[in-house]
Amino acid sequence: MSHADELTPDPNDYVFAKPGELYAVYLPDGGSADLDLSTAKGDFEVKWYDPRYGGELKDGSVKKVQGGARRNLGEAPRDRTSDWAILVRPARQSAPSLDRERNFHVKLRTPIGNRISKPGDRIEASVIGPESFLGGALEGVVENVTANSVTLSFRSLVHKGARIAITSATRDFVNSKGHKLLDDDGRAARMDNTALTSAAGRIRLDEGAELYLRVSPRQ
């Protein structure tokens, strides 16, 4: 960000900006500001900060503006003749919906195995695909452990602040080194229905192992 006082017509306010991405406007005498967003695209949210008392960002009379033109940022939530700072940033995008069964590709954050896991243990995995859910995570539990297998069930998809109830079924995996049909100790392993199984009697997948799942919204 850098000084960009030319983005408002008022010579008495101050602007600090990374055009198209982030804008901060300081109003030493309160009032409002017209901000030049002609080179910016998309929607921006408008938040107000009280430099006298601190606290959280607050909504003013205008909550959202659109790029492509000069936009008025509205007025402060209170004390409109006192000094205020305005933050203008890209509006948060709502999380995409999961309205049908989808194939997911995830990377384990939690090591699992029939000698290190027990039913009810919490597990997490980072979403690798589909692309629309990148940055999200799946949360679930170890459902079952036997002498040669471990079964997982993911119950929540967390993405962009939203939590979606899901059901899941594991259909394939690779170990943390990228090898198929082997666990992380090099033992032969496979999928038996939805259970990760090894004829050797032990199976373990480390953090970083990847799972391929069928994920559906929970009805």
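The values are calculated or read from the model by the stated rules, or taken from the named source; none is laboratory data. Please read these numbers as outputs of a predicted model, since none were measured by experiment.
For segment 1-43, which residues satisfy the criterion of being assigned to a helix (DSSP H, G or I) and not charged (D, E, K, R)?
Answer for segment 1-43, where residues must be assigned to a helix (DSSP H, G or I) and not charged (D, E, K, R): just L7.
How about segment 62-109: which of its residues are assigned to a loop (DSSP other than H, G, I, E, B), more than 30 Å from N175 (Cα to Cα) and polar (S, T, N, Q)?
Hits for segment 62-109 are T81, S82, Q93, S94.
For segment 90-119, give me each residue that is over 20 Å from R163 (Cα atoms) and at pLDDT 95 or above.
Restricting attention to segment 90-119, the residues satisfying the condition of being over 20 Å from R163 (Cα atoms) are 90, 111-119.
Answer for segment 90-119, where residues must be over 20 Å from R163 (Cα atoms) and at pLDDT 95 or above: P111, I112, G113, N114, R115, I116, S117, K118, P119.
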